[in-house]
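Single-structure report; data block below.
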Amino acid sequence: MAPFGVYVHWPFCAQKCPYCDFNSHVRFGGWDEARFLAAYKREIDGIADLVGSRTVSSIFFGGGTPSLMQPATTAAILDHIAKRWGISSDVEITLEANPNSVEAGRFRDFRQAGVNRVSIGVQSLRDDELRKLGRIHTVAEAKTALDVARSTFDRFSFDLIYARPKQTAEDWRAELTEALTLVGDHLSLYQLTIEPDTPYAALHAVGKLVIPDDDAARALYEITDVLTTARGLSAYEVSNYARPGAESRHNLLYWRYGEYAGIGPGAHGRVLVEGQRSATVTERNPEAWADRVEATGTGVVEAIELTCAEQADEMLLMGLRLSEGVDLDQLAALGGVRPDAHAIDDLVALGLLDVIGMPNRAQAVVAIPDSDDKDIIRACAGPGLAPDAFAVDRIPAARIRATRAGRLVLNAVVAKLSNGFVPAAA
């Protein structure tokens, strides 16, 4: 059975960070948690009725700040997911959390509710930098939260942001070295980007906030790669590092272009409905989302059936973020296309792409795996092909992956490959 994930978006935060463009909202008067719980349950029912039977392999509570919800709310949502779908025996259940003392004090209750992995938004190990980032915790609170997480959960991760204003290579090397003494089996390291319509964007536009230029950011990335590798953490994705076997299974589901339901305000999903892959988006405003769910049973405002070409574009964009890269058989099967050999050769020559399995101009026939994607594969394969096989103009099981240099210009790499798609079968 193909993996299936559930993403639950909790939209509330204690404070909005100036760099953040996520769908997060501050409600100083609080929120009606009982109302939102009922809406989450009803939307789960609606999605379950739509997609039918599945076995859930991963659940991710993202935000916003999910650790602001009551652990009993988390437990009730998990119970309802289990009521509507099967749950795998080794299901990964992740909850994002801030490291202040109030939220860390709830970790044991979240563990009892069923959460078995926590992802903590530390962001910096420098108190002055935390204040600039708009964070409301201290470094001491962050370290305490990590200690609690280590003793409470089988697995935990934390985030840091680098390429911050005025950050030097020496600054980042020292901070990351300290972070690596605190790490468990997973670490997320994100370069600061200026997102539209954020306070940071307004400051950046008038020259009051300056981040490292491309060369400086590249140097910081090189430091990141060297230090994490030395610590035994592999860069399995552009911004994520883990010991072998400790990768975030839920996020791998996204990057491998799997199926997942999006529940809650502003949640995105990719689900199969009668063999057709659809992209779903829910209402972003929390109260408007609850209104819509109460009136119609779902908060979905967009449900778009993806064409074969759109699926190929998405799979390529997501898969090239991974160090394992993209399986060209799977790309051909789902999208009916493959990257042009000349585009691949050009990128290899530039040192931006690796090929695993040398190109072969003789046609090979690749069996379609027994999965829920079979209907999509047949629809995109085109006429004249065997119902359970797909012809591709290359060696079976070959993959392409971005090199370290390619990951620094990933959008350009994806654009060249996507613009050079050719039909996978004659």
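The values are calculated or read from the model by the stated rules, or taken from the named source; none is laboratory data. All of these numbers come straight from a predicted model, not from anything done at the bench. Cβ placement follows ideal geometry from the backbone for every residue including glycine, while neighbour counts extend to all protein chains displayed. Surface accessibility is based on the protein's heavy atoms, side chains included, excluding ligands, DNA and RNA. Shrake-Rupley method; radii C 1.70, N 1.55, O 1.52, S 1.80 Å.
What's the center-to-center distance, using Cα atoms, between segment 260-282 and segment 90-104 in Å?
Cα centres, segment 260-282 to segment 90-104: 24 Å.
Taking only DSSP H segments of four or more residues, each worth -39500 (n - 2.57), what value at 222 nm results for the chain once the sum is divided by all its residues, to the nearest 500 deg cm²/dmol?
The per-residue figure over the chain is -11500 deg cm²/dmol.
Using only Cα positions of segment 1-51, each an equal point scatterer, no hydration layer, compute I(q)/I(0) via Debye at q = 0.27, 0.28 Å⁻¹ and quote the log10 values to two decimals.
These q points yield log10 I(q)/I(0) values of -1.09, -1.12.
Can you pull out the GluC sites (Glu not before Pro) in segment 213-291 that DSSP calls coil and that have at most 10 other Cβ atoms within 10 Å?
Glu274
Bin by bin, in steps of 5 Å, what percent of the Cα pairs in segment 108-255 do you find, going until the bin that has the longest distance?
Percent of pairs per bin, in order: 2, 9, 18, 20, 20, 16, 9, 5, 1, 0.
Starting from the residue with the highest accessible area, list His137, His342, His268 in decreasing order, probe 1.4 Å.
Accessible-area ranking of His137, His342, His268, largest first: His342, His268, His137.
What number, in nm² with one decimal, is the all-direction average of the projected area of the convex hull of the alpha-carbon atoms of the chain?
Dividing the Cα hull surface by four gives the mean projection, 20.7 nm².
Set the bar at 31 Å for Cα to Cα. Now go through Lys41/Lys143; Lys143/Lys166; Lys166/Lys416; Lys16/Lys41 and name every pair that lies beyond it. Present the calculation step by step, with values, prior to reporting the outcome.
Working: Lys41/Lys143 35 Å; Lys143/Lys166 24 Å; Lys166/Lys416 33 Å; Lys16/Lys41 27 Å.
In this structure, Lys41/Lys143; Lys166/Lys416 lie more than 31 Å apart at Cα.
Tell me, how many Å apart are the Cα centres for segment 155-203 and for segment 15-53?
Their Cα centres are 27 Å away from one another.
How much accessible surface does Phe156 have with a 1.4 Å probe, in Å² rounded to 10?
My reading of the accessible area for Phe156 is about 10 Å².
Under 1.5 on a/c is rounded, so check that first for segment 159-198, then, if it is not, pick prolate when a/b is larger than b/c and oblate when it is not; a ≥ b ≥ c are the square roots of the alpha carbon gyration tensor eigenvalues.
oblate
Give the average over all directions of the projected area of the C-alpha convex hull of segment 1-149, one decimal, in nm².
Approximately 9.4 nm², given one-decimal rounding.
Once you charge only the Cβ atoms, +1 for Lys and Arg and -1 for Asp and Glu, what is the size of the charge dipole of segment 159-254 about its Cα centre, to the nearest 20 debye?
140
Cα atoms only, segment 219-327: Rg and Dmax in Å?
My reading of the Cα-based Rg and Dmax gives 17.6, 54 Å.
When Lys and Arg each count +1 and Asp and Glu each count -1, what net charge do the other residues less than 13 Å away from Arg117, Cβ to Cβ, add up to?
Numbers: positive: Arg111, Arg150, Arg155, Arg249; negative: Asp90, Glu92, Glu96, Asp154, Asp185, Glu247.
Around Arg117, the charge tally is -2.
Expressed as a whole percentage, what fraction of the accessible surface of segment 163-217 belongs to carbon and sulfur atoms when a 1.4 Å probe is rolled over the protein heavy atoms?
Details: 1630 of 2910 Å².
Result for segment 163-217: 56 percent of the exposed heavy-atom area is carbon or sulfur.
On the full set of protein chains, 1.4 Å probe, figure out the accessible area of Asp340 and give it in Å² to the nearest 10.
40
Please report the net charge: other residues with Cβ closer than 13 Å to the Cβ of Glu283, K and R +1, D and E -1. Intermediate values should be presented prior to the final figure.
Details: positive: Arg284, Arg292; negative: Glu43, Glu287, Asp291, Glu294, Glu302.
The answer is -3.
For the full complex of protein chains and a 1.4 angstrom probe, list Asp185, Asp49 by accessible area with the highest value first.
Largest accessible area first, the list is Asp49, Asp185.
Can you tell me the relative contact order of segment 269-349? Whole percent, Cα pairs under 8 Å, sequence separation 6 or more.
So the answer I get is 21 percent.
Express the C-alpha Rg of segment 70-151 as a ratio against the empirical globular expectation 2.2 N^0.38 Å, rounded to two decimals.
1.26
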